Amino acid sequence: MIPRLRTQWLALLVVMLVVGLAWISATRVSATDINPTGRPPQPVAGHPAPDFQLVSLDGETRSLAEFRGRTVILNFWATWCGPCRVEIPALEATWQGYGGEVVIIGVNIREDAATVSRYVDELGVSYPVLLDTDGTVGRLYNVQAFPTTYIISPDGVVIEPYTGMLSEPLLRTRLADLGASPVEGVE
Amino acid sequence: MLPLLRIGPLSVRTPELLLLAGLWLGLEAASRLGRERGLDPDRVFALGFNAALAGLLGSRLGFVLLHLPAYSAITPLTRALLSIVTPLPGTENAAAGLVVGLVAGAYFARRWHMPVLDLLDSYALGGLVLLAFGMLANLASGDYYGVATVLPWGIPLWGASRHPLQAYVLLAAVGLLALAWRRRVVLAEPGLTTRLILIGVGLMLLVFESLRADSPVFAGGLRFWQIAGLAGTVLALAWFAWRAPLTEPDAR
């Protein structure tokens with residue numbers, strides 16, 4: 001039955017408001033689910049970033065977990081990728097500008113160490129570069145295009161995944177949201 | 001999930017493509033209803049398009065203004081300006097975009113002397129088309145995903161069998177769209193279609209958001225879109241109440 005009079009509509013409004021608020025309260029997200037670390041590791045915002053181990057260009061084995069406590073920018077790239085080349089200066093500036101508070105990890109996918117090493121030297125990359133020679137970590141992180149970047153909070157949670165080129169302002173604003181600030185005099 | 005469409009060497013982001021298609025088809029649907037209501041369909045389309053474009057620019061401008069220190073720290077100036085205009089996802093402010101889009105829409109509606117309620121009805125219908133395509137975009141990107149379920153129609157996503165929430169909302173939006181279109185003659189009173197679609201979408205948000213695993217939450221776990229849905233529903237009911245008579249006509 002469709003209400004006709006104003007009082008009937010107002011009564012329906014009050015009922016809707018009461019039922020709606022009760023429903024919202026009943027279906028609110030529980031405290032355990034709000035804690036994003038309670039979720040399974042996935043390369044998705046709000047989930048813990050999946051851990052991995054890879055060999056760096058220096059020959060050391062590094063894991064994502066060892067960077068816990070610092071904001072991590074996990075950047076998947078390849079030497080043949082144009083946009084990757086364009087965004088590298090912004091990543092290097094961020095690595096230099098935040099004095100260790102922010103870690104940039106470049107993960108090169110499916111290329112040999114010599115090729116990557118020449119490229120890194122040419123562009124003056126000083127942040128850690130890891131070699132995902134068989135693409136395992138790329139698959140783990142659902143990398144479907146280059147560059148793909150994950151911003152990971154100090155407690156190891158994916159804040160935002162990006163497919164495509166990053167810009168300096170985007171990096172700065174996201175890092176500011178995470179409480180990281182550039183070291184004075186370095187900018 | 002199909003986040004990227006590969007055509008030879010070209011990779012296109014599928015969700016954005018679907019959203020563009022949704023905007024176009026939504027404006028087409030709005031134009032058609034507008035024509036039936038005696039509006040100039042080209043102006044209905046143009047107004048919506050201009051408002052969307054203004055909203056897009058406003059969302060970027062809002063983001064830049066909110067993060068002005070980050071942009072002003074970039075040197076030289078040409079690089080900073082390039083950063084502002086480069087189309088990069090993630091550098092938008094939705095609230096600023098909404099405000100600028102609404103202001104632009106109101107400006108053109110006033111300038112072209114368009115009847116507001118008929119215009120709202122047209123865009124409410126077109127909005128359902130955009131909502132349906134938005135859900136297709138979410139299916140393609142894997143966003144807006146449901147909580148884990150053991151139901152047989154669960155879809156494997158992000159390591160679990162999950163409610164196909166995007167499909168639920170898509171079907172509900174298409175159902176509401178079909179109903180509003182089929183009953184458009186009965187719903188000819190200006191503003192009636194808007195009210196009914198507000199209630200429909202509001203109830204959809206209230207119900208379906210409770211099955212969502214990635215809801216934006218605030219104030220200790222309240223789901224933002226449920227609050228928005230309830231607000232929309234209550235607003236539409238208040239509108240009905242305002243339009244309704246105080247007493248039965250026979251009783252006067």
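Couple of notes before you dig in:
- Enumeration of residues in region B:142-191 that are of a type in the set (G, A, S) and in a loop (DSSP other than H, G, I, E, B): B:G142, B:G154, B:G159, B:A188, B:G191
- Scan of region B:36-51 for residues that are assigned to a helix (DSSP H, G or I) and modelled with pLDDT under 95, ordered by number: B:E36
- Scanning region A:132-187 for residues being part of a helix (DSSP H, G or I), in contact with a His (Cβ under 9 Å, 6 or more places away or on another chain) and either touching a residue at least 24 places away in the same chain (Cβ under 8 Å) or away from every other protein chain (no Cβ under 12 Å) (or both) gives a total of 1.
- Any chance B:V207 is more than 13 Å from B:S122 (Cα to Cα) and in a loop (DSSP other than H, G, I, E, B): no
- B:L125 vs. criteria surrounded by 13 or more Cβ atoms within 10 Å (Cβ to Cβ) and either within 30 Å of B:L33 (Cβ to Cβ) or touching a Gly at 6+ places or on another chain (Cβ under 6 Å) (or both): yes
- Conditions (1) within 30 Å of B:R6 (Cα to Cα); (2) of a type in the set (V, I, T); (3) within 14 Å of chain A (Cβ to nearest Cβ); (4) part of a helix (DSSP H, G or I); number of the one not met by B:V129: (3)
- Checking A:E111 against (1) away from chain B (no Cβ under 14 Å); (2) among the acidic types (D, E); (3) assigned to a strand (DSSP E or B), the condition it does not meet: (3)
- Screening B:L192 against (1) among the hydrophobic types (A, V, I, L, M, F, W, C); (2) farther than 18 Å from A:M16 by Cα; (3) facing another protein chain (nearest Cβ under 7 Å) leaves a single unmet condition, (3).
- Restricting attention to region B:150-160, the residues that are of a type outside the set (A, V, I, L, M, F, W, C) and buried (at least 16 other Cβ atoms within 10 Å of the Cβ) add up to 1.
- B:L56 being within 14 Å of the chain's Cα centre (by Cα), more than 14 Å from every other protein chain (Cβ to nearest Cβ) and closer than 18 Å to B:L170 by Cβ: no
- Set B:E16, B:E28, B:E92: member being touching a residue at least 40 places away in the same chain (Cβ under 8 Å) and either among the basic types (K, R) or more than 30 Å from B:I155 (Cα to Cα) (or both): B:E28
- In region B:3-16, the residues that are buried (at least 16 other Cβ atoms within 10 Å of the Cβ) and either in a helix (DSSP H, G or I) or outside the structural domain of B:D143 (by TED's automatic domain parsing) (or both): B:T14, B:P15
- Applying the condition of being surrounded by fewer than 24 Cβ atoms within 10 Å (Cβ to Cβ) and of a type in the set (A, V, I, L, M, F, W, C) to region B:113-122 and asking which residue is farthest from the chain's Cα centre (by Cα) yields B:M114.
The values are calculated or read from the model by the stated rules, or taken from the named source; none is laboratory data. These numbers come from a predicted model, not from an experiment. With ideal geometry, Cβ positions are generated from the backbone for all residues, glycine too; neighbour counts draw on all protein chains shown.
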